[in-house]
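Everything on this sheet refers to the single structure shown next.
The values are calculated or read from the model by the stated rules, or taken from the named source; none is laboratory data. Predicted model only: the values in this text are computed from it and were never measured. Reconstructed Cβ throughout: ideal geometry from the backbone, glycine too, with neighbour counts over all protein chains shown. In case anyone asks, the SASA skips ligands and DNA or RNA and just uses the protein heavy atoms, side chains included. Shrake-Rupley method; radii C 1.70, N 1.55, O 1.52, S 1.80 Å.
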Amino acid sequence: LKLTVEPGDSIYFKDGRLFMLDQTLLPARTVVLELETPAQTEQAIRRLAVRGAPAIGIAGAYGALLGAMNAEPDVDSIMLATREAIALLAASRPTARNLFWALEVMEAVLRSGIEAPDALIKALRDAADRIALEVIETDKALADAGQEVIPDGCSVLTHCNSGALAALRYGTAVGVFVEAHRRGKHIHVFVDETRPLLQGSRLTAWDLGRVGIPYTLIPDNTAAMVMKQGKVDLVMTGADRIAANGDSANKIGTYGVAVLARAHGIPFYIAAPGSTVDLQCPAEPDIVIEERYPDEVRTCGGTMTAPSDAPVYNPAFDVTPAGYIAGIVTDRGILRPPYSESLKVFS
Ligand code: MRU
């Protein structure tokens, strides 16, 4: 494990600029964006050029740093510009806890009483780097912890993308699969396509193919069939926000997969680091669900697949109630119900 984030990573900061792989273009094209302002970073998050809860957190931290670095070199100006950047970035996407966790870390630096401009910029840079490294370290820890529930020869199903692109270097649920493969376990992954934006087919299939894990891509509506056919031993997905009682938000469709898993007697696991856990949020009704643009549903791959005025409902996430979750794989081990007790490890 290299403890520096650098060119070659899907997101990194260098020479006062934030570089990131544009995930909207994958797998067809590999384009690295070079961002210079908080507004560009906010737009990149909003249009999903960077997506996945931990990756959004990292982008948010560096976006705030860009605000600081672009300010006049006095402490008041740096504070003001950084706070404006934090407010802008916080308004980009509401559901992933990791973004707010990262922005709170950056805000804490502003409140730490540093009085010299250079020292303040350096402290903000260090904080953003630490956030990126914490993502790597916690994902590595949860990938190790998750091995307990991944036996050799098992077949798993996952939804959306929770691999290296969604975080940094490891990923969460896909990180658990990659670690199993690295340890020589033979596993097979059913990958839900994940409409409307196809994070499963565009990104998870790409992630698994790169490391040589056998997988089968399925339309979302095929999950029930493969479960009934006895082809799935367990389900594991990432999460965007985990409430204090264990209710877990993840990509739209995850709840349906959890219900299907329950109906077929298949264990359903969430994999997420502590930065996804929100102990201030008691339960599902307190999780804000992002609603996205209607055209994401009216189109597929840029082609209209519905009348251009079709009324659309497009929530980006849903919440799987804690009762459907067999375990939450975290950097502090696998947590089991009752989650209102076991999640206290993150208090
Ligand atoms: O809208 P997205 O692509 O940002 O949604 C991402 C997901 O739902 C992931 O499954 C989640 O962030 C966990 S990734 C480590």
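For region 295-319, which positions are assigned to a loop (DSSP other than H, G, I, E, B) and over 21 Å from GLY200 (Cβ atoms)? Of everything in region 295-319, those that are assigned to a loop (DSSP other than H, G, I, E, B) and over 21 Å from GLY200 (Cβ atoms) turn out to be PRO307, SER308, ASP309, ALA310, PRO311. When THR320 is tested against (1) open to solvent by less than 80 Å² (accessible area, probe 1.4 Å); (2) more than 21 Å from the chain's Cα centre (by Cα), only condition (2) is not met. Screening ALA145, ALA85 for residues that are touching an Asp or Glu at 6+ places or on another chain (Cβ under 9 Å), in a helix (DSSP H, G or I) and within 16 Å of the ligand (Cβ to nearest atom) leaves exactly one candidate, ALA145. Tell me whether region 256-272 contains one or more residues that are assigned to a loop (DSSP other than H, G, I, E, B), over 16 Å from VAL156 (Cβ atoms) and open to solvent by 10 Å² or more (accessible area, probe 1.4 Å). Checking region 256-272: not a single residue is assigned to a loop (DSSP other than H, G, I, E, B), over 16 Å from VAL156 (Cβ atoms) and open to solvent by 10 Å² or more (accessible area, probe 1.4 Å). Restrict the check to region 158-174 and report whether at least one residue is outside any helix (DSSP H, G or I), within 10 Å of the ligand (Cβ to nearest atom), in contact with a Cys (Cβ under 8 Å, 6 or more places away or on another chain) and of a type outside the set (A, V, I, L, M). There is no residue in region 158-174 that is outside any helix (DSSP H, G or I), within 10 Å of the ligand (Cβ to nearest atom), in contact with a Cys (Cβ under 8 Å, 6 or more places away or on another chain) and of a type outside the set (A, V, I, L, M).
Look at region 231-260: where a residue is closer than 22 Å to ALA102 by Cα and among the charged types (D, E, K, R) and a partner is in a helix (DSSP H, G or I) and open to solvent by 30 Å² or more (accessible area, probe 1.4 Å), sitting 6+ places away or on another chain with Cβ atoms under 7 Å, you get ASP240/ARG97; ARG241/ARG97; ASP247/GLU284.
One residue is enough: does region 281-293 have a residue meeting the conditions of a type in the set (Gly, Ala, Ser) and crowded, with 19+ Cβ neighbours inside 10 Å?
Within region 281-293, the subset of a type in the set (Gly, Ala, Ser) is 283.
Then drop every residue that is not crowded, with 19+ Cβ neighbours inside 10 Å, which leaves none.
No: zero hits.
Looking only at region 38-73, which residues are assigned to a helix (DSSP H, G or I), among the aliphatic types (A, V, I, L, M) and open to solvent by less than 10 Å² (accessible area, probe 1.4 Å)? Once the filter is applied, which keeps residues that are assigned to a helix (DSSP H, G or I), among the aliphatic types (A, V, I, L, M) and open to solvent by less than 10 Å² (accessible area, probe 1.4 Å), region 38-73 yields ALA44, ILE45, ALA53, ALA55, ILE56, ILE58, ALA59, ALA61, ALA64, LEU65, LEU66, ALA68.
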